[in-house]
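What follows is a single structure, written as structure tokens, with notes after it.
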Ligand code: 4NP
């Protein structure tokens with residue numbers, strides 16, 4: 001069983017969307033998401049993100065934000081960051097002897113280093129969903 005953790009900054013826009021989209025496409029995978037920051041711990045995904053996702057059939061409403069912890073290196077087989085800053089913040093918490101890979105979501109569509117832009121700031125929720133759907137397809141293809 002592949003255990004995959006998606007990580008962004010707030011865990012209310014990009015990573016919960018990545019979790020729900022990937023789950024819809026590959027229900028057999030064990031998925032979770034987290035934020036490097038704790039500002040939104042316990043909150044549901046951001047309303048406009050939920051609405052844009054819902055229009056494509058993805059239900060984000062059961063998800064609640066939590067903060068990334070170093071224990072996540074033990075609990076997951078791969079950690080997928082939405083941008084390079086997220087990846088850096090995760091790597092800074094890597095415990096000694098933990099070898100879980102930290103990769104970018106866009107690595108799975110051959111765009112290594114490209115971020116998933118944060119729609120909390122860009123307001124482009126549909127563009128975010130377009131990119132996340134492509135990355136999820138690439139991820140799942142790479143696992144099979
Ligand atoms: P996310 O977007 O990292 O995709 O969940 C953000 C949402 C909220 C904040 C930052 C990023 N914030 O600073 O409140």
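Tell me yes or no: at least one residue of the range 112-128 is at pLDDT below 95, assigned to a loop (DSSP other than H, G, I, E, B) and away from the ligand (no atom under 11 Å from the Cβ). Show your work before the answer.
Of the range 112-128, the ones at pLDDT below 95 are 112-113.
Now drop any that are not assigned to a loop (DSSP other than H, G, I, E, B), which leaves 112-113.
Keeping just the survivors that are away from the ligand (no atom under 11 Å from the Cβ) gives 112-113.
Yes, the range 112-128 contains a residue that is at pLDDT below 95, assigned to a loop (DSSP other than H, G, I, E, B) and away from the ligand (no atom under 11 Å from the Cβ).
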Check: Using beta carbons and a limit of 6 Å, which pairs, at least six apart or on different chains, have the first residue in the range 32-59 and in contact (Cβ under 8 Å) with a residue 40 or more places away in the chain and the second one part of a loop (DSSP other than H, G, I, E, B)?
Finding: 36/9; 36/68; 46/12; 46/13; 49/13; 53/60
Next item on the list: Tell me the helices (runs of 4 or more DSSP H) entirely within the range 1-87 that contain at least 3 residues that are away from the ligand (no atom under 15 Å from the Cβ) and either over 11 Å from the mean Cα position of the chain (by Cα) or loosely packed, with under 15 Cβ neighbours inside 10 Å (or both).
Entry: 14-25, 72-75
Notebook entry, point to check: Mind checking whether some residue in the range 91-102 is out of contact with any helix residue (DSSP H, G or I) (no Cβ under 7 Å at 6 or more places or on another chain) and in a helix (DSSP H, G or I)?
Noted result: yes
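Given the structure, is residue 113 over 22 Å from residue 23 (Cβ atoms), in contact (Cβ under 8 Å) with a residue 12 or more places away in the chain, out of contact with any strand residue (DSSP E or B) (no Cβ under 6 Å at 6 or more places or on another chain) and loosely packed, with under 12 Cβ neighbours inside 10 Å? Before the answer, list the steps.
Details: over 22 Å from residue 23 (Cβ atoms): yes; in contact (Cβ under 8 Å) with a residue 12 or more places away in the chain: yes; out of contact with any strand residue (DSSP E or B) (no Cβ under 6 Å at 6 or more places or on another chain): yes; loosely packed, with under 12 Cβ neighbours inside 10 Å: yes.
Judged against the criteria, residue 113 is a match.
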Next item on the list: Consider residue 107 carefully, then state whether it is under 15 Å from the mean Cα position of the chain (by Cα), part of a helix (DSSP H, G or I), more than 16 Å from the ligand (Cβ to nearest atom) and touching a residue at least 60 places away in the same chain (Cβ under 8 Å).
Entry: no
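The values are calculated or read from the model by the stated rules, or taken from the named source; none is laboratory data. If you're wondering where the values come from, they're calculated on a predicted model, not measured in any experiment. Backbone-built Cβ (ideal geometry, glycine too); neighbour counts: all protein chains shown.
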